[in-house]
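The values are calculated or read from the model by the stated rules, or taken from the named source; none is laboratory data. Just so it is clear, the structure is predicted and the values come from calculations on it, not from any experiment. When we count neighbours, we look across all protein chains shown, and the Cβ atoms used for this are built from the backbone with ideal geometry, even at glycine. Heads up: the accessible areas ignore ligands, DNA and RNA and are worked out on the full protein's heavy atoms, side chains in. Shrake-Rupley method; radii C 1.70, N 1.55, O 1.52, S 1.80 Å.
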Amino acid sequence: QVQLVESGGGLVQAGGSLRLSCAASGSIRSIDRMAWYRQAPGKQRELVASISSGGSTNSADSVKGRFTISRDNAKNTMYLQLNSLKPEDTAVYFCAASSASGFYWGKGTLVTVSS
């Protein structure tokens, strides 16, 4: 089992920045890829960015150049740096992890961007 806890969400003005963190615990050695998803009100959950255990990343076109995903394996923590935030980035951001034992979700952290 893997437990994921997000933190770092909040209210920020358009153009501002936030850094989200996702702390993993449990069977962390089995974790391969980790990712950030988001779900805006009334919309489906969408993939924002993902990162492998080796550090290779990919991200959605809508956030390229603004959001950066990173991972500190020694601290069992994944990060998402959000820069140049826009009102349309408002959503609950979820951490996810895939491992040999399954796919796991955190409970999410709310990011609200005011115009």
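What are the pairs, 6+ residues apart or on separate chains, where a residue within the range 89-115 that is open to solvent by less than 10 Å² (accessible area, probe 1.4 Å) has its Cβ under 6 Å from a residue that is modelled with pLDDT under 95?
Once the first residue is open to solvent by less than 10 Å² (accessible area, probe 1.4 Å) and sits in the range 89-115, its partners that are modelled with pLDDT under 95 give A97/V2; A97/I31.
Determine whether A14 is in contact with a helix residue (DSSP H, G or I) (Cβ under 7 Å, 6 or more places away or on another chain), at pLDDT 95 or above and open to solvent by less than 60 Å² (accessible area, probe 1.4 Å). Steps first, answer last, please.
On the way: in contact with a helix residue (DSSP H, G or I) (Cβ under 7 Å, 6 or more places away or on another chain): yes; at pLDDT 95 or above: yes; open to solvent by less than 60 Å² (accessible area, probe 1.4 Å): yes.
Considered against the rule, which asks whether it is in contact with a helix residue (DSSP H, G or I) (Cβ under 7 Å, 6 or more places away or on another chain), at pLDDT 95 or above and open to solvent by less than 60 Å² (accessible area, probe 1.4 Å), A14 comes out as yes.
What pairs come up if the first residue lies in the range 14-43 and is closer than 16 Å to D72 by Cβ and in contact (Cβ under 8 Å) with a residue 12 or more places away in the chain, the second is open to solvent by 30 Å² or more (accessible area, probe 1.4 Å) and among the charged types (D, E, K, R), and their beta carbons are under 7 Å apart, counting only those six or more places apart or on different chains?
M34/R71
When the range 25-40 is examined, which residues are found to be touching a strand residue (DSSP E or B) at 6+ places or on another chain (Cβ under 8 Å) and more than 14 Å from I69 (Cβ to Cβ)? Step through it out loud before you land on a result.
Looking only at the range 25-40, we keep the residues that are touching a strand residue (DSSP E or B) at 6+ places or on another chain (Cβ under 8 Å), and these are 25-28, 30-40.
The answer is S25, G26, S27, I28, S30, I31, D32, Q39, A40.
Can you tell me which residues in the range 44-62 are in contact (Cβ under 8 Å) with a residue 24 or more places away in the chain and closer than 17 Å to R19 by Cβ?
Hits for the range 44-62 are V48, A49, I51.
When residues of the range 63-88 are filtered for being out of contact with any Lys or Arg (no Cβ under 7 Å at 6 or more places or on another chain) and open to solvent by 60 Å² or more (accessible area, probe 1.4 Å), how many remain?
8
Filter the range 32-51 for residues that are over 13 Å from L82 (Cβ atoms) and open to solvent by less than 20 Å² (accessible area, probe 1.4 Å) and give the result.
M34, A35, S50, I51
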